[in-house]
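These notes are about the structure you will find just below.
What follows draws every value from the coordinates through simple rules; no lab data is involved. This is a predicted model, so every value here is computed, not measured. Cβ coordinates were reconstructed from backbone atoms using ideal geometry, including for glycine residues, and neighbour counts include every protein chain displayed.
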Amino acid sequence: MSLPPGFLDELRTRLSLGQVVGRKVMWDARKSNQGKGDLWAPCPFHHEKTASFHVDDRKGYYYCFGCHAKGDAISFVRETENVGFMEAVEILAGEAGMPMPERDPRAQEKADKRTQLADVMEMAVQHFRLQLKTGAASDARAYLERRGLNAAAQERWEIGFAPDAWQGLWDALKAKGVEDALILGAGLGKPSQKGGKPYDTFRGRIMFPIRDARGRCTAFGGRAMDPNDNAKYLNSPETELFDKGRSLYNHGPARTAAGKGQPLIVAEGYMDVIALAEHGFGASVAPLGTAITEHQLAMLWRISPEPIIALDGDTAGLRAAMRLIDLALPLIEAGKSLRFALMPEGQDPDDLLKAQGSGALQQLLDAAIPMVRLLWQRETEGKVFDSPERKAALDKALRDKIKLIQDPSIRQHYGQEIKDLRWDLFRPQRNASGGGAKRAWQPGRGWQAPPTAMPSTKSSALAAGGDRVADHLREAVILAVLICTPDVAEEFESGLESLPCTDADHRTIRDAILRHAHEGSQVLREKIFGALGPDALDNLMGSRHVAIVPCIRTPGNAEMARMTVAEELAKLSAAKGLDAEIADAVQDLEGVADEGVTWRLSQAAAAASDATRSGKEDNAEYETGDNGARINRSERDAFAALMDQIRYSKPGR
């Protein structure tokens, strides 16, 4: 069976030789550099103790310095599994998720045609390079000089010129005996819609050859010299040689430079890549006029585990970076991610290099942010989160994105990073005075700071609770319950974030719960232990008002914990509301008093009273006595029975 052209290239692009070989060997951690795809192990083909078997994961080849075995992924599977060529291809295609092609009797014919098309493309490269040296290309040469590309750089990048003529390249290729079908098949010409002679695809443009990883010219990119041209940049149409979504500009040289330790940079266009390489950043590539595709991502990760996306500092560049996040999230895994270096507003890498030099660009690359930070920026930038609904919408959007990640470990780390960023955005702030203490109203003196506690009372419950002992005790119950049953903490994040926590230890424990409750009770206790020492937890759990709480004595009862926390938060909220109403009423009473003040106070007091009652429903029946008081009927009947018993038990009765 013959395979169609390009199938094996695609198979090798999708597979990692390091993963294929890694199933059979144990890598030597001292010699290997996994980040650079430089892997060493004892040879699987002969018995040895030293690591002489080398895998170059980026180039896709292995070599043993002991037995001299060498090859690629296909040959490795053939040798280790003792199978034939096609069976090895089938095994690897299954791992790469590629269906085996149907039998194609014309495969050899197609391979021959691809070779012919590649030859025609090389002829076109030479033709365009010659045209750049003619008088018709004086404006093109001047433009390249202004962009910082002298004659030597033009030669290195094989830059050419297509004169503004309808059949300039067509006639040159026909003069060399090239068939019409090959010129059209290479995308260099287009048939006339009026029945006339075919015409050139590229006219009046500076030409950039696009080569694949093997160095074959598969397409061209043309930059228009006419500023009024609708298409500033024009790429070759897709052909048997050229698939735009599976190609990268400067692929081969960038792979070589990255193999020598340079960071892989992904820019937007040809001129950016050329400018980067000319300034020493040789491992630079660009997609070809479109957003990065899934196939191009796979190609980038074959070159480097963490490419740096260096996009233009404008709205379009930022939008392209944001789109790339959605594409990459389902594909990232350990050792495969992206970082983003955003250029200054209104500049691309070429502009920055000309204005400030390679040092400024290197600083941007060193400061490139990981993908999780750009995801957070996308979801939060320019938005206001001043309500529970907006915060909940942010949480949902981020959860939906994190769910796209397939790797469980990466998904967990993303969740923790987002939780940390969320904490930094929403963490409760202490008041401006820095002490967190409330002021009190004193008749005739206005609002005054509370007096300092006596030394003898600093360790008492009153001092620990601040102005409201009950608030302090309820905070302690809430925190202790959530430490024992952290699974329910997420349901009360909003309430915890607004918890006053005037006690410093309570504030630290609350922060630990908000950040680490999802990791379980043991991890949470370790975090609190590390922040406050061993005594803080013992003091909290051992205090009398905490120890009597049922779900503290029997931890793990989520429903009981949920009810306890909800009730205590409600009581704190009601008390806070009553305090606010009293403070407002005091100020109002300085003016003209009216019934509205009394009504507001009564409503606030009723709400606080309702909140402080037990959550259990009172099913008792009541009657109204002669004095207007409510009498519990069952209690009255029990009291009457007791009195009768006493009366009839007296002597003589």
Compute the Cα gyration tensor for the range 7-96, then decide on rounded, prolate or oblate, letting a ≥ b ≥ c be the square roots of its eigenvalues: rounded whenever a/c is under 1.5, prolate when a/b is larger than b/c in the other cases, and oblate in all that remain. oblate
If each of residue 158 and residue 385 carries a label point 7 Å out from its Cα toward its Cβ, how far apart are those two points in nm? 5.1
Cβ-based net charge around residue 281, under 13 Å, with every Lys or Arg adding one and every Asp or Glu removing one: -3
Computed over the range 255-380, the relative contact order (Cα-Cα under 8 Å, seq sep at least six) in percent reads 25
Return the sequence-ordered ³J(HN,Hα) values of the range 375-387 in whole Hz as given by the Karplus equation 6.51 cos²θ - 1.76 cosθ + 1.60 applied to θ = phi - 60°, using x for Gly and Pro. 4, 4, 4, 4, 7, 10, 4, x, 10, 10, 10, 9, 8
Any chance you could run the full-extension gain for residue 90 through residue 400? It's 0.36 nm times the residue separation minus the Cα-Cα distance, nm to one decimal. 108.0 nm
Could you work out how much longer the chain between residue 232 and residue 326 gets when fully extended? Use 0.36 nm per residue separation minus the Cα distance between them, nm to one decimal. 31.0 nm
Quick one: what are the phi-derived ³J(HN,Hα) couplings along the range 306-322, Karplus 6.51/-1.76/1.60 with θ = phi - 60°, whole Hz, x for glycine and proline? 9, x, 9, 8, 10, 9, 4, x, 10, 4, 5, x, 5, 5, 5, 5, 5
Residue 571: which lysines have alpha carbons under 30 Å from its alpha carbon, excluding same-chain residues fewer than 8 sequence positions away? 391, 396, 419, 438, 458, 527, 616
The value for the range 255-380 (convex hull of the alpha-carbon atoms, volume per residue, Å³) is 101
Rounded to the nearest whole number, the Stokes-Einstein translational diffusion coefficient of the range 49-103 at 4 °C and 1.567 mPa s (Kirkwood radius, C-alpha pairs) in µm²/s is 104
Taking the alpha-carbon centre of each part, the distance from the range 254-317 to the range 345-364 in Å is 15
